[in-house]
């Protein structure tokens with residue numbers, strides 16, 4: 001039975017202090033000493049005091065400054081680029097264009113469609129065209145305006161539906177498009193159908209359907225893109241970048257620069273927010289490397305806020321037509337969706353996005369018939385990519401809205417309807433065969449209902465006040481990596497010094513979610529030592545083993561398991577040493593509070609340091625490696641790998657809002673956010689992730705959206721792009737649900753992304769409860785809500 005705990009004055013907090021222990025020879029259950037304890041993140045002090053060093057803080061002797069010239073046309077041939085005036089400006093040391101780097105790159109092997117700078121034509125307003133390295137930022141900024149670029153405009157594709165049409169080859173934005181649509185700008189088309197969808201709808205008692213529209217949104221991270229490159233005395237490239245996935249940047253640099261990877265070191269600097277927006281290899285990373293190579297001097301670029309917006313990779317704008325079928329008892333019979341996904345100028349993670357929009361729309365429910373037609377298209381807008389909750393957020397709003405519509409039509413409480421359809425633990429989903437190893441969504445929804453007083457509020461609050469529910473699921477890492485191979489998906493190395501200091505080497509990027517702290521906790525728990533002994537090094541490709549980075553909520557599950565495996569290898573070495581010292585050969589030893597204790601004779605024990613020195617005397621340096629690879633999973637049809645994960649998180653949120661019917665303004669009052677994270681390794685961190693997800697979800701729900709005019713982004717700053725401030729945030733009650741995943745490290749699974757998806761439908765359904773209007777466009781801005789209220793009033797007056 002999952003255990004529920006949480007924050008808030010009214011909460012009934014139950015702190016779990018037991019967990020599943022899978023180490024060979026260990027007991028079925030063992031008390032945790034580090035796991036489950038509230039503790040600050042390892043880098044917290046550096047961040048709050050300003051001691052943290054970000055890329056823009058770095059200065060090297062002789063360093064040059066880079067500025068990038070961006071395209072001013074959404075789609076045009078490049079007739080010529082004249083850099084002579086820029087090169088003649090005193091203080092300018094080098095200029096590069098697309099001709100300096102022929103090789104294309106991209107995050108996915110199947111979508112290598114980016115160049116360091118535009119070649120032959122530009123495909124969005126803001127695409128890098130040329131770049132300058134100069135003695136100062138001011139000189140570099142002046143120089144880029146001296147570069148003369150002549151364009152010949154081409155037909156623009158600014159609406160995603162325009163990209164569905166057949167066009168001449170010269171109007172295709174990329175030479176590689178979907179094989180089924182070779183004359184279009186369709187990047188990837190996905191068609192999946194399982195079960196008898198038509199019969200399900202014929203038998204249905206309720207068939208809610210709607211067309212939804214979602215604007216694209218930005219990650220809104222605080223730190224703008226900033227990268228520094230230099231070539232060292234051994235003629236090796238050193239690239240400093242706040243990357244979520246240093247390994248993918250490492251690969252891309254090798255391809256663009258035509259160098260072996262061992263001639264490149266990528267150093268991850270402190271990351272001032274990512275949310276998926278720093279997980280692609282980027283053009284500016286290639287540009288500074290090219291300029292540094294050309295000048296033989298360090299080169300740094302720090303983008304301004306507009307340039308950071310133009311770099312893009314935010315959530316895809318989406319148009320969705322969705323229908324669901326229910327029987328009279330509220331049982332879900334079918335889901336049918338047709339989706340157009342605006343990918344913007346590049347492929348990025350788009351093939352994955354095209355699949356995720358379908359397969360992740362199913363859960364957290366059991367749906368016996370399913371049909372999905374999804375088309376991810378290229379357009380002349382800024383590139384879309386992966387953003388927190390990648391591929392699940394927009395379809396989740398669609399399905400959760402329709403579930404509520406069915407509940408109203410069938411006269412069933414919306415929470416009750418959901419409870420009748422949830423997936424169960426230890427089951428496989430229909431068709432896709434996703435393995436549900438643990439699931440605490442029932443307990444989470446029940447607790448959220450209790451704390452919110454749902455039964456006494458839903459449908460009973462005064463006009464203008466409402467309460468709504470939204471549920472979701474998400475992956476704990478992708479079971480198959482983007483660059484598929486047989487190597488482990490995560491590897492961790494441990495090295496123990498003579499004085500007992502333990503260094504953890506990993507390339508899992510800490511982007512603020514606390515993964516360095518999590519790795520230290522896993523090692524400290526296994527070895528029974530205090531956290532002060534653990535030092536995590538997770539920044540350089542030279543010293544850290546390959547890890548596929550911080551995306552798809554994979555780090556806790558995969559890197560955490562790898563860290564635990566490495567620590568258990570050291571544990572066995574120390575156990576053998578303790579057995580020799582105590583004469584208790586064949587006995588099992590517990591590692592607790594810096595001691596190694598014989599389990600059957602608790603009075604027989606040695607200190608951690610004594611056991612360490614005995615082990616080092618016997619076998620030399622204690623160095624261990626642990627890794628994680630997902631087990632074989634899933635089905636065998638084409639595309640069946642998409643959405644596969646070794647575990648899934650589940651969320652159930654309830655939101656209460658106040659809506660002003662005169663203005664359409666929505667004031668979120670409180671959110672009860674229940675999230676099943678398996679096991680809260682650090683409850684303080686988990687609560688922070690839940691609260692951050694709620695805050696980000698509120699932004700997409702109510703205020704955030706990228707606006708264009710003739711292909712030009714209009715709101716590329718934090719004044720016009722309206723991110724909610726802390727003053728806009730409601731009271732958030734984070735409810736931690738612990739379902740103890742049997743394969744997660746100490747029972748843990750993801751908590752950083754899945755908790756975003758249910759926020760938006762909870763708000764949308766609460767608006768309906770408050771004023772009786774359904775919102776089918778996101779963000780749900782006051783003008784849209786007011787128009788819906790006025791339309792409803794006219795319809796009621798005419799009926």
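The values are calculated or read from the model by the stated rules, or taken from the named source; none is laboratory data. Just so you know, these numbers come straight off a predicted model, no measurement behind them. When we count neighbours, we look across all protein chains shown, and the Cβ atoms used for this are built from the backbone with ideal geometry, even at glycine.
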### Query
Residues in region 681-698: is at least one part of a loop (DSSP other than H, G, I, E, B), under 30 Å from residue 564 (Cβ atoms) and touching a helix residue (DSSP H, G or I) at 6+ places or on another chain (Cβ under 9 Å)?
yes
### Task
Considering (1) surrounded by fewer than 18 Cβ atoms within 10 Å (Cβ to Cβ); (2) at pLDDT 95 or above, say which one residue 727 fails and leave the rest.
(2)
### Task
All but one of (1) in a loop (DSSP other than H, G, I, E, B); (2) touching a helix residue (DSSP H, G or I) at 6+ places or on another chain (Cβ under 9 Å) hold for residue 655, so report the exception by its number.
(1)
### Message
Checking residue 786 against (1) free of Cβ contacts under 8 Å to residues at least 12 places away in the same chain; (2) closer than 17 Å to residue 657 by Cα, only one condition comes out false. Which one?
### Response
(1)
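Each row is one residue, and each column tells you yes or no for (1) closer than 30 Å to residue 157 by Cα; (2) buried (at least 18 other Cβ atoms within 10 Å of the Cβ).
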| site | (1), (2) |
| --- | --- |
| 48 | no, no |
| 66 | no, yes |
| 71 | yes, yes |
| 79 | yes, no |
| 119 | yes, no |
### Query
Any residue at all in region 200-212 that is within 27 Å of residue 640 (Cα to Cα), part of a loop (DSSP other than H, G, I, E, B) and touching a strand residue (DSSP E or B) at 6+ places or on another chain (Cβ under 9 Å)?
no
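A quick yes/no check of all residues on (1) in the same structural domain as residue 682 (by TED's automatic domain parsing); (2) in a helix (DSSP H, G or I); (3) in contact with a helix residue (DSSP H, G or I) (Cβ under 8 Å, 6 or more places away or on another chain); (4) modelled with pLDDT under 95:
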site: 10; (1), (2), (3), (4): yes, no, yes, yes
site: 25; (1), (2), (3), (4): no, no, no, yes
site: 36; (1), (2), (3), (4): no, no, yes, no
site: 66; (1), (2), (3), (4): no, no, yes, no
site: 72; (1), (2), (3), (4): no, no, no, no
### Message
When you scan region 600-613, do you find a residue that is closer than 30 Å to residue 477 by Cβ and in contact with a helix residue (DSSP H, G or I) (Cβ under 7 Å, 6 or more places away or on another chain), even just one?
### Response
no
### Message
I want to confirm something. Restricting to region 707-739 and keeping residues that are in contact with a strand residue (DSSP E or B) (Cβ under 6 Å, 6 or more places away or on another chain) and in a loop (DSSP other than H, G, I, E, B), which single residue is nearest to residue 654 (Cα to Cα)?
### Response
730
### Query
In region 745-799, how many residues are at pLDDT below 95 and outside any helix (DSSP H, G or I)?
2
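Per-residue answers, yes or no, for (1) more than 39 Å from the chain's Cα centre (by Cα); (2) surrounded by fewer than 24 Cβ atoms within 10 Å (Cβ to Cβ); (3) in contact (Cβ under 8 Å) with a residue 60 or more places away in the chain:
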| site | (1), (2), (3) |
| --- | --- |
| 559 | no, no, yes |
| 565 | no, yes, yes |
| 572 | no, yes, no |
| 591 | no, yes, yes |
| 611 | yes, no, no |
### Task
Run residue 91 past the list (1) farther than 17 Å from residue 135 by Cα; (2) touching a strand residue (DSSP E or B) at 6+ places or on another chain (Cβ under 8 Å); (3) surrounded by fewer than 23 Cβ atoms within 10 Å (Cβ to Cβ) and report the number of the one that doesn't hold.
(1)
### Query
outside the structural domain of residue 244 (by TED's automatic domain parsing), closer than 14 Å to residue 502 by Cα and touching a helix residue (DSSP H, G or I) at 6+ places or on another chain (Cβ under 7 Å): does that describe residue 548?
no
### Query
Of these, 348, 353, which one is at positive phi and either in the same structural domain as residue 127 (by TED's automatic domain parsing) or outside any strand (DSSP E or B) (or both)?
348
### Message
Name the residue that is farthest from the chain's Cα centre (by Cα), counting only residues in region 416-425 that are surrounded by fewer than 22 Cβ atoms within 10 Å (Cβ to Cβ) and in a helix (DSSP H, G or I).
### Response
416
### Task
Check whether at least one residue in region 296-306 is over 25 Å from residue 244 (Cβ atoms), in contact with a strand residue (DSSP E or B) (Cβ under 9 Å, 6 or more places away or on another chain) and either without any contact (Cβ under 8 Å) to a residue 40 or more places away in the chain or surrounded by fewer than 24 Cβ atoms within 10 Å (Cβ to Cβ) (or both), and report yes or no.
yes
### Query
What about residue 624, is it surrounded by 16 or more Cβ atoms within 10 Å (Cβ to Cβ) and assigned to a helix (DSSP H, G or I)?
no
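May I ask you to list the residues in region 94-118 that are part of a strand (DSSP E or B) and closer than 13 Å to residue 129 by Cα?
Step one: list which residues in region 94-118 are part of a strand (DSSP E or B), which gives 94-97, 105, 114.
Within region 94-118, 95, 96, 97, 114 meet the criteria.
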### Task
Would you tally the residues in region 707-724 being surrounded by 13 or more Cβ atoms within 10 Å (Cβ to Cβ) and under 20 Å from residue 666 (Cα atoms)?
4
### Query
Is region 766-776 home to any residue that is buried (at least 20 other Cβ atoms within 10 Å of the Cβ), in contact (Cβ under 8 Å) with a residue 24 or more places away in the chain, under 25 Å from the mean Cα position of the chain (by Cα) and on the phi < 0 side of the Ramachandran plot?
no
### Message
Could you go through region 373-383 and let me know if any residue there is closer than 17 Å to residue 432 by Cβ, surrounded by fewer than 24 Cβ atoms within 10 Å (Cβ to Cβ) and either without any contact (Cβ under 8 Å) to a residue 60 or more places away in the chain or touching a helix residue (DSSP H, G or I) at 6+ places or on another chain (Cβ under 9 Å) (or both).
### Response
yes
### Condition check for residue 736: in the same structural domain as residue 659 (by TED's automatic domain parsing) and crowded, with 24+ Cβ neighbours inside 10 Å
yes
### Summary
Checked region 357-390 for anything part of a loop (DSSP other than H, G, I, E, B) and within 15 Å of residue 342 (Cα to Cα); matches are 378, 379, 380, 381, 382, 383, 385, 386, 387, 390
#### Entry: Residue in region 254-264 that is farther than 27 Å from residue 752 by Cα, touching a helix residue (DSSP H, G or I) at 6+ places or on another chain (Cβ under 7 Å) and buried (at least 24 other Cβ atoms within 10 Å of the Cβ) present
yes
